[in-house]
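Have a look at the structure below before the remarks.
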Amino acid sequence: MLVPCTVESVRVHTLTGQHVVMLQPKESDRFLPIWIGADQAASIATQLAGVRADRPLTHDLMVDILRKLGVEITRVVVKELVETGDGNGVFHGSIFIQSGEREIEVDSRASDAIALALRCDARILVAETVLDRSAIRPEGEADGDDDDLTIFKQFIQTLPDEPSG
């Protein structure tokens, strides 16, 4: 099952400089932290803040190209968290594009999918299995396996209270 989510914030870890986007399932007190690159963090944060660049940046350009081709992004999905073998994981995403009667699924990084969804008001959905495994509660209480979430909880506890961007 897929769970509708919103982007709660983009944050920066003050000691390491790592970026994280916080997704929040609608009608839930859980959060899904997704570590992202600085470029994707800037793209998401500027869109959330309503800041427009003088010239189109990558995600703006992609949305403009798709619109001019007459297709639209209908939804994006954070579909899985794939283990990398070093105790970390990578979130995989999909972008769903509607072209006439045809729906096309495009593999993407979760962060790029989120940045695009924000620009075209597409739904952001997360697989329930991903939320069950990786979501956290505001007080730091995990929903999933504590061993797998220890690093998430430690990181989230060091984030500033005020979101950046």
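All of 45, 115 fail the test of being under 21 Å from residue 16 (Cα atoms) and surrounded by 13 or more Cβ atoms within 10 Å (Cβ to Cβ), apart from 45.
So that you can scan it fast, the table gives a plain yes or no per residue for (1) among the aliphatic types (A, V, I, L, M); (2) at pLDDT 95 or above:
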residue	(1), (2)
2	yes, yes
15	yes, no
28	no, no
31	no, yes
38	yes, no
62	yes, yes
65	yes, yes
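Of the residues that make up the stretch 118-125, is at least one β-branched (Val, Ile, Thr), more than 19 Å from residue 9 (Cβ to Cβ), at pLDDT 95 or above and in a strand (DSSP E or B)? No. Taking the listed residues 83, 27, 101, 8, the one that is among the charged types (D, E, K, R) and surrounded by 13 or more Cβ atoms within 10 Å (Cβ to Cβ) is 8, with no other qualifying.
Put simply, of 70, 87 the only residue that is part of a loop (DSSP other than H, G, I, E, B) and modelled with pLDDT of 95 or more is 70. Scanning the stretch 23-67 for residues that are of a type outside the set (Lys, Arg), part of a loop (DSSP other than H, G, I, E, B) and farther than 23 Å from residue 2 by Cα yields 37, 50, 51, 53, 54, 56, 57.
The values are calculated or read from the model by the stated rules, or taken from the named source; none is laboratory data. What you are looking at is a predicted structure, and each value in this text was computed from that prediction instead of being measured. Cβ coordinates were reconstructed from backbone atoms using ideal geometry, including for glycine residues, and neighbour counts include every protein chain displayed.
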